[in-house]
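A.B. asks: Sharing a structure with you now.
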Amino acid sequence: MASDSQPQAPVGPEYRPATQKPKATVSTPLPHDNVHILPQTPQLIALLTMIRDTNTGRADFIFYSNRIIRLLVEEGLNHLPVVEHEITTPVGRNYAGVKFEGKICGVSIMRAGESMEQGLRDCCRSVRIGKILIQRDEETSKPKLYYDKLPEDIADRWVLLLDPMLATGGSALMAIDVLKSRGVPEEHILFLNLIASPEGAKKFADRFPKVRVVTAFVDQGLDEKNYIVPGLGDFGDRFYTM
Amino acid sequence: MAMTTPTRRIHYSPPWGNASIIGVAGSSGSGKTSLALAIVASLNLPWVVILSMDSFYKPLTPAQSAAAFRNEFDFDSPDAIDFDVLVDRLRDVKNGKVADIPVYSFQKHARLEQTTTIYSPHVLILEGIFALHDQRVLDMLDLKIFAEADADLCLSRRLVRDVKERGRDIDGCIKQWFGFVKPNFSKYVAPQREIADIIIPRGIENKVAIAMISSQIQKTLQHKSAQHQLELTRLGKIAEDSPLSPNAIIIKQTNQVKAIHTLLMDETTSTEDYIFYFDRMVALLIETAVDFLPFTPSQVTTPQGHVYMGLKKTAEISAVVVLRGGSAFETGLRRTIPDCRIGRILIQTNYRTGEPELHYRALPANIKQCGLVLVLDPQMSSGGAALMAVKVLVDHGVPEDRIVFVTYMAGRVGVNRVLRVFPEARCVVARMGDDMENRWVETRYLGC
């Protein structure tokens, strides 16, 4: 069975006693420095359990995905730089705070990536969102760029690249090529996804070691059809059409 | 491993902790109810309630009920009153617990299914012909009053009331009066005068007596308020001396969190931005707090037929908003749990004394069964209101370890005050601030 080879661990925050940590399958650990996996809290595992379950209806699927996406966006945004910023509080004190620095934009890989736009907007109201359509060429079975529409000044922005599933990484790697060709430095790209395969993550680490990959969970691997195991099926279908 | 239960628990007595009970006895029709109402009206405070002993009539057997409809049942004997239940309920009130009061129907001569609830009175006025009859009740009374009235006046008042309000006829009422009320008066009611502290003639016309009693109650309330503030000060001293409780969880101060703090604290931030960033912060706080839900392993199958060993929650979450500030949490809460049941508690700080006061409460019906109850208040300074809110939940049967207090900003003393009294409860905080700070967080959010 798929779950056998993945690590099972008691899940819960460190302040919780071991007896109150139920056991569940947790993310596969990876050696790559550029891959950031969300803390495996019971809440996150429960959300992932909901969206993996084939019996979960579309309304729940969308709602619970959105909750995970917001956590991913919050984690992703934490990689952006801040500068010191001192302000006066309503009670008249000085507070040595920080403020966001630099402009950002989202880029979704159509169509599944577009499902993550709402979550991004929940955290960054007026963020610009570019789109890239990449499809697998039936003849060569290689990904092919069909369409892109990106902000003019994208080279000056930090880019949050959105695609919920990182399987072989074919389209995401091509999307990075597109971004780089528009002058976005690798280290200004954050790739957000819900579930990643170790194979896909490794390809990113090898080809674009400065691109940060933020994921909620690294699964066991890929099957013969290059689907993530155990995965959750086709994210775009479940979100949009099923 | 982190310690979850500090060993020493500190006792906290809320202002309703040791309620004063005043008994008002007197003949039927002597004006006990009007007297009690006049006292409450002259005080005009939400913490004084009247409990009528009529609620404690024993349910009648079919034979007794038939006799009652023929006006041949003796309602004016102490035997008709369920003193055991009355004593239990008075004990609940005295101990600051929730007391479910039976509802008696005079039309049906039966106890109804529903009950009413008495909770958190500082003073309770018990009125009934036998309010000073049972020794167990007498032991709990702080003041014993006997209302005296002329017998003719009593009879005429009783006639009017029973015909108008209780659906009886004149013949039946007169039969009751001479068959039961009058003989019982000399046998059981009159002797209560001997143990009364005060005998009040002429009922509500007696303005002097009402003024005396209400000033006596005022004194009691002031004393309780002073006691409560001493209690809070004492808890504050204990809290000041201890390090931050391990059950206080401060969310990770990431760059984003720090930048949002800066925006929220900056007076020049627009209201629009303030609300947006506050909602975002609340969503983070709620995601942290809901991790305290109990989970159990759950195996699911994916659309591709693969198996995943995950988790599922085993109980529902509900929330209690501490008004009015807590309502600023609702948007962020609904983003995470759209169908969350939300109770409300209004605690106001008395601007003259600085004492927090409980004015209103409406809690979810199933709150006892919830796996987690979030108490929401954006700012905690002295912890007095927080302490009171958690105490209300505990009094309503919510296990302490299922309570998580969620706040944007708190001081160490406030947090410790709450967590020393309720060491199994948890507190989730976005930012530790000064111990005493004006409540600006909700003012900024609500715009006034």
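The values are calculated or read from the model by the stated rules, or taken from the named source; none is laboratory data. Please read all numbers here as calculations on a predicted model, not as lab measurements. Please note: Cβ atoms are built from the backbone with ideal geometry, for glycine as well, and neighbour counts cover all protein chains shown. Remember, those area values only see protein heavy atoms, side chains included, never the ligands or the DNA or RNA. Shrake-Rupley method; radii C 1.70, N 1.55, O 1.52, S 1.80 Å.
A.B. asks: Looking at B:ASN255, B:ASN247, which is the one that is closer than 30 Å to A:ASN78 by Cβ and either touching a helix residue (DSSP H, G or I) at 6+ places or on another chain (Cβ under 7 Å) or among the hydrophobic types (A, V, I, L, M, F, W, C) (or both)?
C.D. replies: None of the others qualify; the one that does is B:ASN247.
A.B. asks: Moving on. Go through the residues of the range B:386-408 one by one and say whether even a single one is in a helix (DSSP H, G or I), touching a residue at least 40 places away in the same chain (Cβ under 8 Å) and within 30 Å of B:ASP266 (Cβ to Cβ).
C.D. replies: Yes, because at least one residue in the range B:386-408 is in a helix (DSSP H, G or I), touching a residue at least 40 places away in the same chain (Cβ under 8 Å) and within 30 Å of B:ASP266 (Cβ to Cβ).
A.B. asks: Here is a further query. Enumerate the strands (runs of 3 or more DSSP E) found wholly within the range A:155-242, keeping only those where 3 or more residues are over 20 Å from A:ARG128 (Cβ atoms) and open to solvent by less than 10 Å² (accessible area, probe 1.4 Å).
C.D. replies: A:189-196, A:212-218
A.B. asks: Also: Got a sec? Which of A:THR54, A:THR88, A:THR19, A:THR41 is closer than 25 Å to A:ASP223 by Cβ and among the β-branched types (Val, Ile, Thr)?
C.D. replies: Result of the check over A:THR54, A:THR88, A:THR19, A:THR41: A:THR54.
A.B. asks: Only helices (runs of 4 or more DSSP H) wholly contained in the range B:191-292 count here; list those with 1 or more residues that are away from every other protein chain (no Cβ under 14 Å).
C.D. replies: Qualifying helices (runs of 4 or more DSSP H): B:207-240.
A.B. asks: Does the range B:403-419 include one or more residues that are open to solvent by less than 40 Å² (accessible area, probe 1.4 Å), touching an Asp or Glu at 6+ places or on another chain (Cβ under 8 Å), of a type in the set (Gly, Ala, Ser) and away from chain A (no Cβ under 14 Å)?
C.D. replies: Taking every residue of the range B:403-419 in turn, at least one turns out to be open to solvent by less than 40 Å² (accessible area, probe 1.4 Å), touching an Asp or Glu at 6+ places or on another chain (Cβ under 8 Å), of a type in the set (Gly, Ala, Ser) and away from chain A (no Cβ under 14 Å).
A.B. asks: Taking the range A:39-76 only, how many residues are touching a strand residue (DSSP E or B) at 6+ places or on another chain (Cβ under 8 Å), open to solvent by less than 20 Å² (accessible area, probe 1.4 Å), within 24 Å of A:VAL159 (Cβ to Cβ) and within 11 Å of chain B (Cβ to nearest Cβ)?
C.D. replies: Result for the range A:39-76: 3.
A.B. asks: Now a separate question. Return only the number of the condition from (1) crowded, with 20+ Cβ neighbours inside 10 Å; (2) more than 14 Å from chain A (Cβ to nearest Cβ); (3) in contact (Cβ under 8 Å) with a residue 60 or more places away in the chain that B:ALA319 does not satisfy.
C.D. replies: Exception for B:ALA319: condition (3).
A.B. asks: Within the range B:322-362, count every residue that is open to solvent by less than 10 Å² (accessible area, probe 1.4 Å) and among the polar types (S, T, N, Q).
C.D. replies: Counting residues in the range B:322-362 that are open to solvent by less than 10 Å² (accessible area, probe 1.4 Å) and among the polar types (S, T, N, Q) gives 1.
A.B. asks: While we're looking at this one, here's another question. I'd like to verify a number: residues in the range A:108-126 that are touching a helix residue (DSSP H, G or I) at 6+ places or on another chain (Cβ under 7 Å), within 19 Å of A:GLY236 (Cα to Cα) and crowded, with 17+ Cβ neighbours inside 10 Å, how many?
C.D. replies: Number of matching residues: 7.
A.B. asks: Quick check on the range A:8-23: of everything there that is facing another protein chain (nearest Cβ under 7 Å) and touching a residue at least 24 places away in the same chain (Cβ under 8 Å), which residue is surrounded by the fewest Cβ atoms within 10 Å (Cβ to Cβ)?
C.D. replies: Looking at the filtered set, the residue picked out is A:PRO13.
A.B. asks: Another one. Against the conditions (1) surrounded by fewer than 18 Cβ atoms within 10 Å (Cβ to Cβ); (2) facing chain B (nearest Cβ under 7 Å); (3) in a strand (DSSP E or B); (4) not basic (Lys, Arg), where does A:GLY97 fall short? Just the number, please.
C.D. replies: (1)
Rundown of residues vs (1) under 30 Å from A:ILE104 (Cα atoms); (2) outside the structural domain of B:VAL24 (by TED's automatic domain parsing); (3) modelled with pLDDT of 90 or more, yes/no style:
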| residue | (1), (2), (3) |
| --- | --- |
| B:ILE174 | no, no, no |
| B:ALA196 | no, no, yes |
| B:GLY203 | no, no, no |
| B:GLU240 | no, yes, no |
